[in-house]
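Asker: First the structure, which I've put down as structure tokens, then a few questions once you've had a look.
The values are calculated or read from the model by the stated rules, or taken from the named source; none is laboratory data. Fair warning: this is a prediction, and the values are worked out from it, not measured in the lab. A quick note on method: Cβ atoms are made from the backbone with ideal geometry, for glycine too, and the neighbour counts reach across all protein chains shown. Note: accessible area is taken over every heavy atom of the protein model, side chains too, but ligands, DNA and RNA are not part of it. Shrake-Rupley method; radii C 1.70, N 1.55, O 1.52, S 1.80 Å.
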Amino acid sequence: MAKQPVRVLVTGAAGQIGYALVPMIARGVMLGPDQPVILHMLDIPPAAEALNGVKMELVDAAFPLLKGVVATTDVIEGCTGVSIAIMVGGFPRKEGMERKDVMSKNVSIYKSQASALEQYAAPNCKVLVVANPANTNALILKEFAPSIPAKNITCLTRLDHNRALGQISERLNVQVSDVKNVIIWGNHSSTQYPDVNHATVKTLPGQRAVRGLVKDDEWLNGEFITTVQQRGAVIIKARKLSSALSAASSACDHIRDWVLGTPEGTWVSMGVYSDGSYNVPAGLIYSFPVTCKNGEWTIVQGLHIDQFSRKKLDLTAEELSAEKALAYSCLS
């Protein structure tokens, strides 16, 4: 029996990340090579013509798995019946803008989109927030979509996770697929903590610890961390545009692992609703190591956190608490 198509929403679909993301979804990169999809592409009215152009290209590409395209500037039409929502649209920070200005713009965007998802999306809709500030935008969305389970609202830190894997694979000159179990803790911002203390590399004798193979704690505790933290800014400097291809690819990875499961013995990083694990304040959307099975994520428990790591975990939690307070002040 052929599978029923899954309705997938991409907001900001006419933008850079959207343009890279929709063909990946239509090709089966996100949900598998046998899962038909109906794409819902939502953008703002000034982008309507560009959005229509993307729709034409999707038609022209003749993707066998693509069973329909809804291209719209109407938030209700965009959200109706969707089982997966990837929230790429947001208000970018412009020169001279204060953080509060950006936050208040995003609060109003996420408030209206959350309300539409709440009323019109499929009951067990899974949500991934990509637009920055991603963790706090996800928190606002959760606030205004109370019937969507908290565990179904996540934000993207898989891009940072993949960046960390890439840095280790380059440093050790190994295949990136042989490196696993790095962790991104905290906020998708420059306070995030890329942690390799539990990461391993597949070698001929078996799994070996990244720290033992790199043999350079100064690099791992210094330059490696800042490289991952600052990677987005470095790419903007090089491309004169922000990372779109890697963001789209990691959004696919995030949803694929969440829906189809993580390999045995492997965890990934996801921004999820904190339950107080690892002494991270409950009620923040915070990036943890997780495993996924049967469409559900579970925080990996019992990992040893050394003093160096503890400070890093607390620092990024403090930033998220301040962001949360700023966002809530914009609600009133």
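Asker: Using only alpha carbon pairs under 8 Å that are at least six residues apart, calculate the relative contact order of the chain and give it in whole percent.
Answerer: Relative contact order of the chain: 17 percent.
Asker: Starting from the coordinates of the alpha-carbon atoms of the range 256-332, obtain the Kirkwood hydrodynamic radius over all distinct pairs and give the value in Å to one decimal. Show your work: numbers first, answer last.
Answerer: Details: mean 1/r = 0.0727 Å⁻¹.
Kirkwood hydrodynamic radius for the range 256-332: 13.8 Å.
Asker: Another question, if that's okay. Using a 1.4 angstrom probe with every protein chain in place, what is the largest-first accessible-area order of 198, 304?
Answerer: 304, 198
Asker: Given 10 °C and 1.306 mPa s, compute D for the range 7-140 with the Stokes-Einstein relation, Rh being the Kirkwood radius over Cα pairs; round to the nearest whole µm²/s.
Answerer: Answer, rounded: 106 µm²/s.
Asker: Still on this structure, please answer the following. How big, in percent, is the set of alpha carbon pairs in the chain lying more than 38 Å apart?
Answerer: Above the 38 Å cut-off, the chain has 12 percent of its Cα pairs.
Asker: Using a Gaussian network model of the chain with C-alpha springs under 10 Å, which one of 250, 321, 177 is most mobile by mean-square fluctuation?
Answerer: 177
Asker: Follow-up question, since we're still on this one. What would the Debye formula give as log10 I(q)/I(0) at q = 0.18 Å⁻¹ for the alpha-carbon point model of the range 106-160, no solvent?
Answerer: -0.50
Asker: How much net charge surrounds residue 105 when only the other residues with a Cβ under 12 Å from the Cβ of residue 105 are counted, with Lys and Arg +1 and Asp and Glu -1?
Answerer: That sum, taken over residues with Cβ under 12 Å, equals +3.
Asker: Which percent of the accessible area of the range 1-115 is formed by carbon and sulfur heavy atoms (probe 1.4 angstrom)?
Answerer: Here carbon and sulfur together make up 57 percent of the probe-accessible area.
Asker: Over the chain, average the accessible area per residue using a 1.4 Å probe and give it in Å², no decimals. Kindly include the intermediate steps, with their values, before the conclusion.
Answerer: Working: 15020 Å² over 332 residues.
On a per-residue basis, 45 Å².
Asker: Related question: Using the Cα centre as the reference, give the magnitude of the dipole from point charges on the C-beta atoms of the chain (Lys, Arg: +1; Asp, Glu: -1; all else neutral), rounded to the nearest 20 debye. Intermediate values should be presented prior to the final figure.
Answerer: Working: 32 positive and 30 negative charges, 51 e Å.
Taking the Cα centre of the chain as origin, the dipole is about 240 debye.
Asker: Give me the Å³ per residue figure for the convex hull around the C-alpha atoms of the range 193-328. Working shown, then result.
Answerer: Numbers: hull volume 21.6 nm³, N = 136.
Spelled out: Cα convex hull of the range 193-328, divided by residues, is 159 Å³.
Asker: With the dipole of the range 199-240 worked out from charges on the C-beta (+1 for Lys and Arg, -1 for Asp and Glu) around the Cα centre, which of 230, 206, 220 lies farthest toward the positive end?
Answerer: Toward the positive end, the furthest listed residue is 230.
Asker: Given a 1.4 angstrom probe, I'd like the percentage of the accessible area of the range 259-332 that is carbon and sulfur, rounded to a whole number.
Answerer: That fraction is 54 percent.
Asker: Further question: Just how far, in whole angstrom, is the range 264-292 from the range 61-92 if you go by their alpha carbon centroids?
Answerer: When both Cα centres are located, 27 Å separates them.
Asker: Would you work out what percent of the accessible area of the range 132-224, with all protein chains in place, is carbon or sulfur (probe 1.4 Å)?
Answerer: Answer for the range 132-224 is 48 percent, counting heavy atoms of protein chains only.
Asker: Here's another thing I want to ask about it. What is the range 206-275 by shape, rounded, prolate or oblate, if you read a ≥ b ≥ c off the alpha carbon gyration tensor as root eigenvalues and call it rounded for a/c under 1.5, prolate for a/b larger than b/c, and oblate otherwise?
Answerer: Oblate is the answer for the range 206-275, as a/c is 1.5 or above yet b/c matches or exceeds a/b.
Asker: In terms of solvent-accessible area of protein heavy atoms at a 1.4 angstrom probe, what is the ranking of 298, 291, 200, highest value first?
Answerer: Values: 298 80, 291 55, 200 30 Å².
The residues order as 298, 291, 200, largest area first.
Asker: Also: Which is the longest run of the chain containing none of the GluC sites (Glu not before Pro) found in DSSP loop states (not H, G, I, E, B) with at most 11 other C-beta atoms within 10 Å? Spell out each step's value before the answer.
Answerer: Details: sites that count: 95, 98, 264.
No qualifying site falls inside 99-263, the longest such stretch.
Asker: Further question: Mind ranking 13-20, 237-244 by how tightly packed they are, going by the mean number of other C-beta atoms within 10 angstrom, highest first?
Answerer: Final packing ranking: 13-20, 237-244.
Asker: Compute the semi-axes of the equivalent ellipsoid of the range 1-55, taking the square root of 5 times each eigenvalue of the Cα gyration tensor, and list them largest first in whole Å. Before the final figure, lay out the partial values.
Answerer: Working: eigenvalues 108, 23, 12 Å².
Listed largest to smallest, the semi-axes of the range 1-55 are 23, 11, 8 Å.
Asker: Highest first, please rank the peptides 257-263, 190-196, 205-211 by the mean number of other Cβ atoms sitting within 10 Å of their residues. Intermediate values should be presented prior to the final figure.
Answerer: Values: 257-263: 17.0, 190-196: 21.7, 205-211: 13.1.
Descending mean neighbour count gives 190-196, 257-263, 205-211.
Asker: Separation between the residue 204 and residue 305 pseudo-spin-labels, each 7 Å from Cα along Cα→Cβ, expressed in nm?
Answerer: Between residue 204 and residue 305, the label points sit 4.0 nm apart.
Asker: I've got another one for you. Are there any helices in the chain, counted as whole DSSP H runs, that stretch 15 Å or more along their axis by Cα and score at least 1.0 on average by Kyte-Doolittle, and if so which?
Answerer: TM-like helix candidates: 16-26.
Asker: Got a sec? Charge dipole of the range 113-266, +1 on Cβ for Lys and Arg, -1 for Asp and Glu; which of 250, 150, 188 is way out at the positive end?
Answerer: Looking along the dipole axis, the top candidate is 250.
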